[in-house]
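Chemist: Structure incoming, see below.
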Amino acid sequence: MNGALFVNHPLIDLRSDTATRPTPEMREAMAGAAVGDDSSGEDPTVNDLLEKAAALFGKEAALFVPTGTQANQIAINVYTRPGEEIIADAGCHPYRSELAAAAVISGIQFSFVTADRGVYSRKEAEDAFHPVAERLPRSAILWVENTHNAGGGQIFPIDRIKELRTFANSHGIPLHIDGARIFNAIVASGIGPAEWGAQCDSISFCLSKGLGCPVGSILMGSEDFIREARKRRKILGGGWRQAGILAAAGIHALDHHVARLAEDHQNAQRFSELTSGIPGVRHVYETTPTNIVYLDVADSGKTAREISERLKDRGVALSVPGKTMLRAVTHIDISREDVDKGAAALAEAVA
Ligand SMILES: Cc1ncc(COP(=O)(O)O)c(C=O)c1O
């Protein structure tokens, strides 16, 4: 859309919904933002964003951080002591994609649940749970990712989360939702933010993904949790100053970019359908609940890297999460026409 502003940017960038660029209206909101020092809690626009987010999810307090990774690592650090563990599925973002930060920063390990596209139930959580014992690390958090990135944008059913939270809290541990893409789950399920917020002790979401902001994530929970989180943010070098410029983009996105996520879901569904008949391309998951599609190209006889290079020549970019795996993610800068061109380019690149 506003790609003309950028040189060296692929025409159709389906690598991730982090590829979005701020719209002219968002840039205008950013340029006019009132600012202060957020490190001391004095940025008025950040404070407006935090109030808005906390009210939406029904949480007492919120914190603005630069990335989803930092939101995850802060939550882990607040809830754990070195030598403890997180109960999560092995596809979760902090295990797969954060450079072992949870081990490096907090000294914790993971206890994995059996899961289907990132979704698990109380029985699986019970199997992975370790109470305080002489030889086993204490389980300190129950971790849910919603929607699930490696699970192809899967939505974690809210009733499951409710059961898991009851289980977690009965053992005195919190349930945290990595909601980097919770707004995709909200729009696709019709279940509002307050309902998801009511089923967890803490939750984060990313502004810099489907919501189309250049930077930022929000972490929410109780006042005590956020007080501690704010200290961890400072320790991690995240005590930024006039962040109101970025928060203004967040407020704009919450006001204008949520309902439109339905369009991204329709486009992802269309991309799935258009690519399902391509010889040599197999869909990793049968359904496309939100905006992420994984394709396995093993049967094409080419590597995913080779296909991605051919796609680049055609002005299309897909990410390469594995040797034979490609991933397409739809977002605000991808139109229906882009999806059609992307699918056609894939058919050519695989042939
Ligand atoms: C589920 C999930 N959590 C956290 C993150 C990390 O976000 P960031 O790239 O802003 O660090 C991502 C990024 O893709 C993600 O998919």
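The values are calculated or read from the model by the stated rules, or taken from the named source; none is laboratory data. Values in this document were obtained by computation on a predicted structure and should not be read as measured data. Virtual Cβ from ideal backbone geometry, glycine too; neighbours counted across all protein chains shown. Surface accessibility is based on the protein's heavy atoms, side chains included, excluding ligands, DNA and RNA. Shrake-Rupley method; radii C 1.70, N 1.55, O 1.52, S 1.80 Å.
Chemist: Considering only segment 76-111, state which residues are within 19 Å of PRO321 (Cβ to Cβ) and open to solvent by 40 Å² or more (accessible area, probe 1.4 Å).
Modeler: Initially, segment 76-111 is screened for residues within 19 Å of PRO321 (Cβ to Cβ), giving 88-101.
Within segment 76-111, ALA90, HIS93, TYR95, ARG96, SER97, LEU99, ALA100 meet the criteria.
Chemist: Kindly list the number of the only condition in (1) open to solvent by less than 20 Å² (accessible area, probe 1.4 Å); (2) touching a helix residue (DSSP H, G or I) at 6+ places or on another chain (Cβ under 7 Å); (3) more than 14 Å from the ligand (Cβ to nearest atom) that fails for TYR120.
Modeler: (2)
Chemist: Next question, about the same structure. When you look at VAL339, is it surrounded by 20 or more Cβ atoms within 10 Å (Cβ to Cβ) and at pLDDT 95 or above, yes or no?
Modeler: Details: surrounded by 20 or more Cβ atoms within 10 Å (Cβ to Cβ): yes; at pLDDT 95 or above: yes.
Yes, satisfied.
Chemist: Which pairs do you get when a residue that is surrounded by fewer than 24 Cβ atoms within 10 Å (Cβ to Cβ), found in segment 161-184, comes within reach of a residue that is in a helix (DSSP H, G or I) and at pLDDT below 95, reach meaning Cβ atoms under 9 angstrom, with the pair 6+ apart or on two chains?
Modeler: none
Chemist: Any residue in segment 233-253 that is touching a residue at least 24 places away in the same chain (Cβ under 8 Å) and among the aliphatic types (A, V, I, L, M) sitting within a Cβ distance under 6 Å of a residue that is open to solvent by less than 10 Å² (accessible area, probe 1.4 Å) and part of a loop (DSSP other than H, G, I, E, B)? List the pairs, counting only those 6 or more apart or interchain.
Modeler: Final answer for the pair search is ALA243/ASP43; LEU246/GLY216; ALA249/CYS213; ALA253/LEU207; ALA253/LEU211; ALA253/GLY212; ALA253/CYS213.
Chemist: Out of LEU14, LEU49, LEU63, I need the residue that is farther than 19 Å from ALA243 by Cα, in contact (Cβ under 8 Å) with a residue 24 or more places away in the chain and touching a helix residue (DSSP H, G or I) at 6+ places or on another chain (Cβ under 7 Å). Which one? Even if it seems obvious, please write down each step before you answer.
Modeler: Details: LEU49 fails: farther than 19 Å from ALA243 by Cα; LEU63 fails: farther than 19 Å from ALA243 by Cα.
Testing whether each residue is farther than 19 Å from ALA243 by Cα, in contact (Cβ under 8 Å) with a residue 24 or more places away in the chain and touching a helix residue (DSSP H, G or I) at 6+ places or on another chain (Cβ under 7 Å) leaves just LEU14.
Chemist: What are the residue pairs meeting all of these: first residue in segment 23-46, first residue open to solvent by less than 20 Å² (accessible area, probe 1.4 Å), second residue charged (D, E, K, R) and in a helix (DSSP H, G or I), Cβ atoms under 8 Å, and 6 or more apart or on different chains?
Modeler: VAL46/ASP38
Chemist: Still on this structure: I need a count of the residues in segment 54-73 that are part of a helix (DSSP H, G or I), within 16 Å of the ligand (Cβ to nearest atom), touching a strand residue (DSSP E or B) at 6+ places or on another chain (Cβ under 9 Å) and open to solvent by less than 30 Å² (accessible area, probe 1.4 Å).
Modeler: Narrowing segment 54-73 to residues part of a helix (DSSP H, G or I): 54-57, 68-73.
With the extra rule that they be within 16 Å of the ligand (Cβ to nearest atom), the set shrinks to 68-73.
With the extra rule that they be touching a strand residue (DSSP E or B) at 6+ places or on another chain (Cβ under 9 Å), the set shrinks to 68-72.
Okay, now just the ones that are also open to solvent by less than 30 Å² (accessible area, probe 1.4 Å), so 68, 70-72.
Looking only at that region, the number is 4.
Chemist: Can you tell me which residue among ILE182, ILE141, ILE173, ILE203 is among the β-branched types (Val, Ile, Thr) and more than 19 Å from the chain's Cα centre (by Cα)? So that I can check it myself, show each step before the final result.
Modeler: Working: ILE182 fails: more than 19 Å from the chain's Cα centre (by Cα); ILE141 fails: more than 19 Å from the chain's Cα centre (by Cα); ILE203 fails: more than 19 Å from the chain's Cα centre (by Cα).
It is ILE173.
Chemist: Considering only residues that are open to solvent by 50 Å² or more (accessible area, probe 1.4 Å), over 27 Å from VAL329 (Cβ atoms) and not basic (Lys, Arg), look in segment 206-241 and name the one that is nearest to the ligand (Cβ to nearest atom).
Modeler: Ranking the candidates gives GLY237 first.
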